[in-house]
Amino acid sequence: MIQNLSNSRSQVYEINGDIRIHGNSSTIFIATTQQLKKTSWSIKPYARNIDRVAMGKVRNLKIINQNPNTDTTPPCSQSFNDPAVVFSVGGYTGNPFHDFTDVLIPLYLTSQQFNTTVIFLVADHHSWWTSKYRLILNMLSKYDVVNIDNVNEVLCFPRMIVGLKSHKEFGIDQSISPNYSMTDFTKFLRSTYSLDTGLIDGCSRRPRLLIVSRKKTRHLTNELDVAKLARSIGFDVTVREMGWQVSLVSKFVNSFDVMVAVHGAGITNMVYLPENAVVIQIVPLGLEILSKQYFEIPSKDMNLRYLEYKVSVKESSLIEKYGVENEVFKNPSGLHKKGWHGFRSLYLDNQDVSVDLIRFRKTLLEAMELVCS
């Protein structure tokens, strides 16, 4: 009747039977006379269990096993024949990386089995978020999204999955879900946004290179010099910040052969690149582990070709504040162990980079060789 599918990343319960949800009170009732060892569960349906800050922005739902004949079990206001998936768009949504890692990829994993015949019940609803990703939601479900935050009716379903299945950062583990992969997911996105599905076609034309610009944090301060260098090598170069309109961003990114970006949420847009495109991640000091986990491994899972440029001490703006012998340069992992917020403030929020053009030229030449091979 109720199956716990949870792991370290997310709480997930699959329920079959007479299931009733009262959104206004954040309560899901399992209406049954069957005696279960456990009669209540608590869940925050957002796929980032390990992050207290994110989970602090997610609504808590109660699942209660209750006899349908008691006065405290509410009658159905509306009954549905199709299953439902309950999830939250609280947490860190609004950041493209977390939109995909914490919600969209887990939602794809959880709901594809229903072949669009599923109803999405959304907690912590933001109309701007569901509007932004409406095309993806429409490809996964043929029904309108239901905002359950203020629903005072009791909605009844024969089957419900509460929470979203999640395997790892920005990815799918095929050893857990052999029927799904990240290449399947990117093909799904290309179909959703009517993108070019073809492979990179060598150097039959001048290869196109996109430099993803960042203005607030981890800014590539000599990005115009990098663009000039790339043009001298033979690339058609565009420097641009990523916008919010996904249909426009997806088509724009899909037109490039190479993407260059400093580590950050902007690299998430590699999901729209054509298969076999090249991703160059510029890795600031201290971010080697995060860069590998968040973007190197996922890019390869998407059948993209990955290159990495690791910033040296002299290329980091941190050298202006700290001496070369400071633990900031000697022991980033030690600072990480002392606390995430201090680590983030230092390496993510207060570090810009200026790449050595002679050294970076080698990376661009390697990218050109990959595109033309």
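Laid out as a table, the results:
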item	result
Output for the stretch 273-289, where each listed residue is within 16 Å of Ser333 (Cβ to Cβ) and touching a His at 6+ places or on another chain (Cβ under 7 Å)	Val283, Pro284, Leu287
All positions within the stretch 110-127 that are within 22 Å of Asn60 (Cα to Cα), in a helix (DSSP H, G or I) and open to solvent by 10 Å² or more (accessible area, probe 1.4 Å)	Ser127
Some residue of the stretch 203-220 being surrounded by 14 or more Cβ atoms within 10 Å (Cβ to Cβ) and in contact with a His (Cβ under 7 Å, 6 or more places away or on another chain)	yes
Residue in the stretch 292-314 that is touching a His at 6+ places or on another chain (Cβ under 9 Å), part of a helix (DSSP H, G or I), crowded, with 17+ Cβ neighbours inside 10 Å and at pLDDT 90 or above present	yes
All strands (runs of 3 or more DSSP E) inside the stretch 143-241 with 3 or more residues being under 30 Å from Val355 (Cα atoms)	208-212, 236-240
Answer residue from the stretch 64-91, given it is within 19 Å of Asn16 (Cβ to Cβ) and assigned to a loop (DSSP other than H, G, I, E, B) and is most open to solvent (accessible area, probe 1.4 Å) among those	Asn81
The stretch 22-40, subset among the polar types (S, T, N, Q) and part of a strand (DSSP E or B), residue nearest to Asn60 (Cα to Cα)	Thr27
Pair list, Cβ under 9 Å, 6 or more apart: the stretch 231-251 residue closer than 18 Å to Ala261 by Cα, other residue assigned to a strand (DSSP E or B) and open to solvent by 50 Å² or more (accessible area, probe 1.4 Å)	Phe235/Arg208; Asp236/Arg208; Val237/Arg208; Thr238/Arg208
Test: residue in the stretch 343-357 that is at pLDDT 95 or above, among the polar types (S, T, N, Q) and open to solvent by less than 30 Å² (accessible area, probe 1.4 Å)	yes
Within the stretch 26-63, considering residues that are open to solvent by 30 Å² or more (accessible area, probe 1.4 Å) and hydroxyl-bearing (Ser, Thr, Tyr), the one farthest from the chain's Cα centre (by Cα)	Thr33
Conditions (1) closer than 17 Å to Ile280 by Cβ; (2) surrounded by fewer than 21 Cβ atoms within 10 Å (Cβ to Cβ); (3) in contact with a helix residue (DSSP H, G or I) (Cβ under 9 Å, 6 or more places away or on another chain); (4) free of Cβ contacts under 8 Å to residues at least 60 places away in the same chain; number of the one not met by Asp225	(4)
Enumeration of residues in the stretch 253-291 that are of a type in the set (Asp, Glu) and within 18 Å of Lys187 (Cα to Cα)	Asp257, Glu275
Qualifying position, being farther than 19 Å from Leu365 by Cβ and among the hydrophobic types (A, V, I, L, M, F, W, C), among Ala277, Ala265	Ala265
Hey, Gly94 outside any helix (DSSP H, G or I), surrounded by fewer than 21 Cβ atoms within 10 Å (Cβ to Cβ), within 14 Å of the chain's Cα centre (by Cα) and not basic (Lys, Arg) or not	yes
In the stretch 128-161, the residues that are surrounded by fewer than 18 Cβ atoms within 10 Å (Cβ to Cβ) and small (Gly, Ala, Ser)	Ser131
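Yes/no matrix, rows are residues, columns are (1) in contact (Cβ under 8 Å) with a residue 60 or more places away in the chain; (2) more than 29 Å from Ile2 (Cβ to Cβ); (3) of a type in the set (Ser, Thr, Tyr):
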{"position": "Cys156", "(1), (2), (3)": "yes, no, no"}
{"position": "Met160", "(1), (2), (3)": "yes, no, no"}
{"position": "Gly163", "(1), (2), (3)": "yes, no, no"}
{"position": "Phe170", "(1), (2), (3)": "yes, yes, no"}
{"position": "Tyr180", "(1), (2), (3)": "yes, no, yes"}
{"position": "Thr183", "(1), (2), (3)": "yes, yes, yes"}
{"position": "Phe188", "(1), (2), (3)": "yes, yes, no"}
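The values are calculated or read from the model by the stated rules, or taken from the named source; none is laboratory data. The model shown is predicted, which means the values in this text are computed figures rather than measured ones. Neighbour counts run over all protein chains shown; Cβ positions are idealised from the backbone, glycine included. We work out accessible area using only protein heavy atoms, side chains counted, and drop any ligands, DNA or RNA first. Shrake-Rupley method; radii C 1.70, N 1.55, O 1.52, S 1.80 Å.
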